[in-house]
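Student: This structure is in structure tokens; I'll ask about it shortly.
Each value in this text was obtained by applying a stated rule to the coordinates, not by laboratory testing. These figures come from a predicted structure and were not determined experimentally. So basically every Cβ, Gly included, is an ideal-geometry build from the backbone, and we count neighbours across all protein chains shown.
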Amino acid sequence: MQLNYLNPPVRREFLGFGPVQVPRNTAFKMRSMIKESATNEYVRKWAEKIVEGLKDRDEYGEVNAIFSFLQRRTRYAKDPRGFEYVQTPHYVLQQIDAGIQPNLDCDDYTVTGLSLLTALGYPTVIRVVAFNPKAPFSHVYGIVNVKGKWVTFDPVRKDVALGWEAPGVRRRMDVPIT
């Protein structure tokens, strides 16, 4: 396997302390990665390739094509315990390009999916959630605006469709990609 050292696959940065500060700072770092990746020519070309063959202005079809692409071409894997590993979309797409099925967790799915969608001009939001009001935030996924309606974009599970949202969310924090 050849690694591209000019486009490092992860970002390592101190994210602060505490149950709110770490997810908040992680979400802001993810937003920065999405904004940067959405203007990357390689990421844009992948987005165009994924939606190729769809009718013009088929917004739901485009969003669903990217959602389905990530479900088909990747697999879920947790980060090492105590370590937040966020892969760049460029790296994830290079792996797919090389015929490798990359391992992603929820933040990788969010960054890659929202980068592809943002590259096609869709308004997107990062949503960080907790399933217990007193527990730390434990999951992150995207929200995308399709024809004026916000749709959940969470391709982590292979048995759900675009628009599915995990039940039982008790707290959430939204970070728009603007």
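Student: Find which of Met30, Gly53, Pro136 sits farthest along the positive direction of the dipole of the chain, computed with +1 on the beta-carbon of Lys and Arg, -1 on that of Asp and Glu, about the Cα centre.
Tutor: Pro136
Student: Now for a separate question. Pairs on different chains or at least eight residues apart, Cα atoms closer than 20 Å: how many lysine pairs in the chain fit?
Tutor: Final tally of qualifying lysine pairs is 7.
Student: Suppose the Debye formula is applied to equal point scatterers at every Cα of the range 114-178; what is log10 I(q)/I(0) at q = 0.29 Å⁻¹?
Tutor: Per q value, in the given order, log10 I(q)/I(0) is -1.30.
Student: Continuing with the same structure: How high is the relative contact order of the chain, in percent, with contacts defined as C-alpha pairs under 8 Å that are six or more residues apart?
Tutor: 25 percent
Student: Suppose every K and R has +1 on its Cβ and every D and E has -1 on its Cβ; what is the size of the dipole of the chain about the Cα centre, in Debye to the nearest 20?
Tutor: The dipole magnitude comes to about 500 debye.
Student: Here is a follow-up. Mind giving me the nanometre distance, one decimal, between the label points for Val169 and Asp79, set 7 Å out from Cα along Cα→Cβ?
Tutor: Placing both labels 7 Å along Cα→Cβ, they lie 2.0 nm apart.
Student: Residues with beta-carbon under 11 Å from that of Trp164, excluding Trp164: net charge, scoring Lys, Arg +1 and Asp, Glu -1?
Tutor: Its environment carries a net charge of -2.
Student: What list do you get for Arg72, Arg81, Arg127 if you sort them by fewest beta carbons within 10 Å?
Tutor: Arg81, Arg72, Arg127
Student: Report the extension gain between Glu48 and Lys35 in nm, rounded to one decimal, defined as 0.36 nm multiplied by the number of residues separating them, less their alpha carbon distance.
Tutor: Length gained between Glu48 and Lys35: 3.0 nm.
Student: For the chain, what does the helix formula give at 222 nm: sum of -39500 (n - 2.57) over DSSP H segments with n ≥ 4, over the residue count, nearest 500 deg cm²/dmol?
Tutor: -12000 deg cm²/dmol
Student: First select every other residue whose beta carbon is under 13 angstrom from the beta carbon of Asn132; then total the charges, Lys and Arg +1, Asp and Glu -1.
Tutor: +4
Student: How would you rank Leu114, Leu54, Leu93, Leu120, going from fewest to most other Cβ atoms within 10 Å of each one's own Cβ?
Tutor: Taking fewest neighbouring Cβ atoms as first place, the list is Leu54, Leu120, Leu93, Leu114.
Student: What does the charge dipole of the range 100-178 about its Cα centre add up to, to the nearest 20 debye, if the Cβ of each Lys and Arg holds +1 and the Cβ of each Asp and Glu holds -1?
Tutor: Using only the charged Cβ atoms, the result is roughly 320 debye.
Student: Determine how many Å³ per residue the convex hull of the Cα atoms of the chain encloses.
Tutor: Output value, Cα hull per residue: 118 Å³.
Student: Exposure proxy check: Val125, Val92 ranked by fewest other beta carbons within 10 Å?
Tutor: The most exposed by this proxy come first: Val125, Val92.
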